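This report refers to the structure that appears directly beneath it.
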Amino acid sequence: MLIVANWKAYVNDVDVAKTLTTHAKKISASSDAKIIIAPPSPLLALLSKGNRSKVFFSAQDVSLEDVGAHTGEATATLIKNVGAQYVIVGHSERRANGETVEDVSGKLKSSLIAGLTPILCVGESVRDKEGAYLAMLRGQIVSALKDLSNKERAQVVVAYEPVWAIGKSATSAITPTDLAEMVLYIRKVIAEMVPGTKSARMKILYGGSVEPENASELANGVDGFLIGHASITPELFAGICKAVA
Ligand code: PGA
């Protein structure tokens, strides 16, 4: 299982960040889960420096540009050079801030060129009875992957995060049955985009109000979780890692 701790902008203090990282390292030492910490970008180099643990690091976003006069941007090359192996691309909170499907596709490309593994976030905002949300989800995946080569597409990790389930509590998360249906659907879409047997090996994560109570039932059929609010409370994070171990 891949467990991505998406700290979002919850952590504003260096000591808190260090404590959470030490805690995650301890969990990873005795767990089969692969823990990936995604801190706010100013903390990335600080936390990943000298890392010899089983924990990996991710950025929460990446620039479309590779180098140059782009004030405020963190390039994929820099993110890679400061010790991250992953990057979250297309999170709904970035899309809500104006990130377009073209941006998402370009960010996947620049991440892959720099040698980072992108975690592509997709998910519907609302569900309708007619099932239009399925077409919308399909559109998000196709538009994100279409400009990549087949080899590049196969390296993308897909995180299904229905926006209506994000930032709530376990009772508001998706049900295991609905999640199983969505994973099947996503597998079908990626199989169309990635010919051959490679698509079956692509990882699909779920995100949206994963907590210790629902982690084990949701873990069936997904390759891991993207965890927001519960990733910055040590007991909740440890509880989730234990539930899926
Ligand atoms: P949540 O966030 O766990 O707080 O719902 C998940 C995410 O947005 O990645």
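Each peptide among 215-227, 63-75, 184-196 gets the average number of other Cβ atoms lying within 10 Å of its residues, and from highest to lowest they stand as 215-227, 184-196, 63-75. The fraction of all Cα pairs in region 104-245 landing in successive 10 Å bins from 0 to the largest distance is 12, 41, 34, 13, 0, given as whole percents. Close amide-amide hydrogen proximity is noted between residue 123 and 161, each under 5 Å apart and 5 or more residues distant or on a separate chain (H modeled in the peptide plane; Pro and chain starts excluded). Using the alpha-carbon positions of the chain, Rg (one decimal) and Dmax (whole number) come out as 16.9, 52 Å.
The Rg/Rh ratio for region 44-167, using Cα coordinates for both the radius of gyration and the Kirkwood hydrodynamic radius, is 1.00.
Using 1/(1 + (r/R0)^6) with R0 = 41 angstrom and r between the beta carbons of residue 71 and residue 142, what's the FRET efficiency to the nearest 0.05?
Efficiency computed from Cβ-Cβ geometry: 0.80.
What translational D, rounded to a whole number of µm²/s, comes out for region 137-188 from Stokes-Einstein when the hydrodynamic radius is the Kirkwood one over Cα pairs, at 20 °C and 1.002 mPa s?
It comes out at roughly 169 µm²/s.
Per the Debye formula with a single identical scatterer at each Cα and no solvent contribution, what log10 I(q)/I(0) holds for region 5-65 at q = 0.23 Å⁻¹? At q = 0.23 Å⁻¹ the computed log10 ratios are -0.94.
Once you reduce region 203-245 and region 132-161 to the center of their Cα atoms, the two points are 23 Å from each other.
Taking the charge dipole of region 127-245 about its Cα centre, with +1 at Lys and Arg Cβ atoms and -1 at Asp and Glu Cβ atoms, the residue from 239, 150, 179 reaching farthest to the positive side is 150. Across region 176-188, rounded Karplus estimates of 3J(HN,Hα) from the backbone phi angles (6.51 cos²θ - 1.76 cosθ + 1.60, θ = phi - 60°) give x, 5, 5, 5, 4, 4, 5, 5, 4, 5, 5, 4, 5 Hz, Gly and Pro being marked x. Phi-derived couplings, Karplus 6.51 cos²θ - 1.76 cosθ + 1.60 at θ = phi - 60°, listed residue by residue for region 69-76: 7, 9, 3, x, 8, 10, 7, 4 Hz, with x used for Gly and Pro. Based on the reciprocal of the average 1/r between different C-alpha atoms, the Kirkwood radius for region 48-113 equals 12.5 Å. Here the 3J(HN,Hα) profile of region 41-54, calculated from phi with Karplus coefficients 6.51, -1.76 and 1.60 at θ = phi - 60°, is 4, x, 9, 4, 5, 4, 7, 8, 4, x, 5, 10, 8, 7 Hz, Gly and Pro shown as x. Amide H to amide H, with H built 1.01 Å from N, residue 34 comes under 5 Å of 2, 3, counting only residues 5 or more places away or on other chains. Computed per residue of the chain from DSSP H runs no shorter than four, each worth -39500 (n - 2.57), the mean residue ellipticity at 222 nm is -12500 deg cm²/dmol. This model, with +1 at the C-beta of Lys and Arg and -1 at the C-beta of Asp and Glu, gives region 183-222 a dipole about its Cα centre of some 380 debye. Amide H contacts under 5 Å for residue 57: 37, 85, 86, restricted to partners 5 or more places along the chain or on a different chain, H placed in the peptide plane at 1.01 Å from N.
A short reminder: the numbers here are calculations on the coordinates, not readings from a lab. Keep in mind that what you see is a predicted model, and the values were worked out from it rather than measured. As a convention, Cβ positions derive from the backbone with ideal geometry for all residues, glycine included, and neighbour counts pool all protein chains shown.
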